[in-house]
Amino acid sequence: MWADGIHVNIRLGEDKLCLLVLIGVRADGSKELITLADGYRESAESWADLMREAKRRGMRAPVLAVGDGALGFWKALREVFPETREARC
């Protein structure tokens, strides 16, 4: 699974909008959007909420998660899917 927070120039109140995106890759190599949601500055709680919702909908722990250095994502991943291997892009 790839994870990224996309920061846009749209403001919701005082805060800038951050779109949290999870994209999966199936065994055959095809890519699929897992989920997309708004978040608060890529916080651990925003990422954890997103992953917990995906888990509630039936998502199993990814074999590997790839993301940048956003610490909130890694903290949330270790909480929700502790068995997932990590790789930074």
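Distance between the pseudo-spin-label points of ARG52 and VAL66 (7 Å out from Cα toward the beta carbon): 2.9 nm.
Give the peptides 69-77, 54-62 in descending order of average Cβ contacts within 10 Å, highest first. Present the calculation step by step, with values, prior to reporting the outcome.
Working: 69-77: 18.4, 54-62: 13.3.
Taking the mean over residues of other Cβ atoms within 10 Å, the ranking is 69-77, 54-62.
In the set (i) 37, 33, 19; (ii) 57, 33, 28; (iii) 41, 27, 25, the label that goes with Cα extents along the principal axes in Å computed for this structure is (iii).
Relative to the dominant Cα principal axis of the chain, helix 44-56 is inclined by about 50°.
Pairs of Cα atoms nearer than 8 Å and 6+ residues apart set the relative contact order; for region 2-88 it is 25 percent.
When the Gaussian network model of the chain links Cα atoms closer than 10 Å, the mean-square fluctuations of LEU20, LEU36, LEU50 top out at LEU36. Listed by chain and number, the lysines placed with their C-alpha closer than 24 angstrom to that of LYS55 are LYS31, LYS75; residues fewer than eight positions away on the same chain are left out. Using the rule -39500 (n - 2.57) for each DSSP H run of four or more residues, divided by the residues of the chain, the 222 nm mean residue ellipticity is -8000 deg cm²/dmol.
Listed peptides 24-33, 40-49 appear in the order 40-49, 24-33 once ranked by packing, highest mean of other Cβ atoms within 10 Å at the front. Relative to the longest principal axis of the Cα atoms of the chain, the long axis of helix 71-80 lies at roughly 50 degrees. Magnitude of the charge dipole for the chain, about its Cα centre and with charges confined to Cβ atoms of Lys, Arg (+1) and Asp, Glu (-1), is about 240 debye.
Read-outs throughout are calculated quantities, based only on the coordinates presented, and are distinct from any laboratory measurement. Quick caveat: nothing in here was measured; it's all calculated off a predicted structure. Every residue, glycine among them, receives a Cβ derived from its backbone with ideal geometry; neighbour counts consider all protein chains shown.
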